[in-house]
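Asker: One structure, pasted below without further comment.
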Amino acid sequence: MRKQYLHLSAYSCDQCRSPVVAASLAVRENEISKETEIRQVGAMCLSCGHRQNGATHPQRARHFSPIEWESGSAIDAGRLTAAYTEALNRAELH
Ligand SMILES: [Zn+2]
């Protein structure tokens with residue numbers, strides 16, 4: 001059965017060293033299939049609000065167990081993906 005999973009990870013903010021929490025969503029067609037349609041939902045520092053889309057030291061990032069996440073209207077994935085792409089594009093300008 002097709003299910004959607006939420007993945008959370010945490011890493012250190014480049015600006016203030018507080019935790020940045022990053023989220024992504026992935027779909028599994030059944031119990032044994034690999035995850036597909038992986039998309040970033042967003043990432044933000046809990047302290048200063050810096051939107052840091054990747055860990056500067058990926059080996060230090062903590063990854064939490066995926067959580068089954070009901071798909072539906074609560075998360076507009078298309079809009080989120082667009083916002084994420086926009087954030088990436090902005091980041092590349094700097
Ligand atoms: Zn910060």
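Asker: Filter the stretch 1-26 down to residues that are away from the ligand (no atom under 16 Å from the Cβ), more than 17 Å from His63 (Cα to Cα) and without any contact (Cβ under 8 Å) to a residue 40 or more places away in the chain and give me whichever is least open to solvent (accessible area, probe 1.4 Å).
Answerer: Arg2
Asker: Failed condition for Cys45, given (1) out of contact with any Cys (no Cβ under 7 Å at 6 or more places or on another chain); (2) at pLDDT 90 or above, with all others met?
Answerer: Just one mismatch for Cys45, condition (1).
Asker: Still on this model: Return the total of residues in the stretch 35-46 being farther than 18 Å from Glu70 by Cα and either open to solvent by 80 Å² or more (accessible area, probe 1.4 Å) or more than 16 Å from the ligand (Cβ to nearest atom) (or both).
Answerer: So in the stretch 35-46, the residues farther than 18 Å from Glu70 by Cα come out as 43-46.
Filter again for either open to solvent by 80 Å² or more (accessible area, probe 1.4 Å) or more than 16 Å from the ligand (Cβ to nearest atom) (or both), leaving 46.
Going through the stretch 35-46 one residue at a time, the tally reaches 1.
Asker: A further question on this structure: Could you check Ala87 against (1) among the hydrophobic types (A, V, I, L, M, F, W, C); (2) within 16 Å of the ligand (Cβ to nearest atom); (3) at pLDDT 90 or above and say which number it fails?
Answerer: (3)
Asker: Take the conditions modelled with pLDDT of 90 or more and open to solvent by 80 Å² or more (accessible area, probe 1.4 Å) and apply them to Ser65. Does it pass? I'd like the intermediate steps shown before the answer.
Answerer: Working: modelled with pLDDT of 90 or more: yes; open to solvent by 80 Å² or more (accessible area, probe 1.4 Å): yes.
Judged against the criteria, Ser65 is a match.
Asker: Are any residues in the stretch 1-22 over 15 Å from Glu70 (Cβ atoms) and hydrophobic (A, V, I, L, M, F, W, C), and if so, which ones?
Answerer: Across the stretch 1-22, the qualifying residues are Leu8, Ala10, Cys13, Cys16, Val20, Val21, Ala22.
The values are calculated or read from the model by the stated rules, or taken from the named source; none is laboratory data. Quantities reported herein were computed from a predicted structural model and do not represent experimental measurements. So basically every Cβ, Gly included, is an ideal-geometry build from the backbone, and we count neighbours across all protein chains shown. Remember, those area values only see protein heavy atoms, side chains included, never the ligands or the DNA or RNA. Shrake-Rupley method; radii C 1.70, N 1.55, O 1.52, S 1.80 Å.
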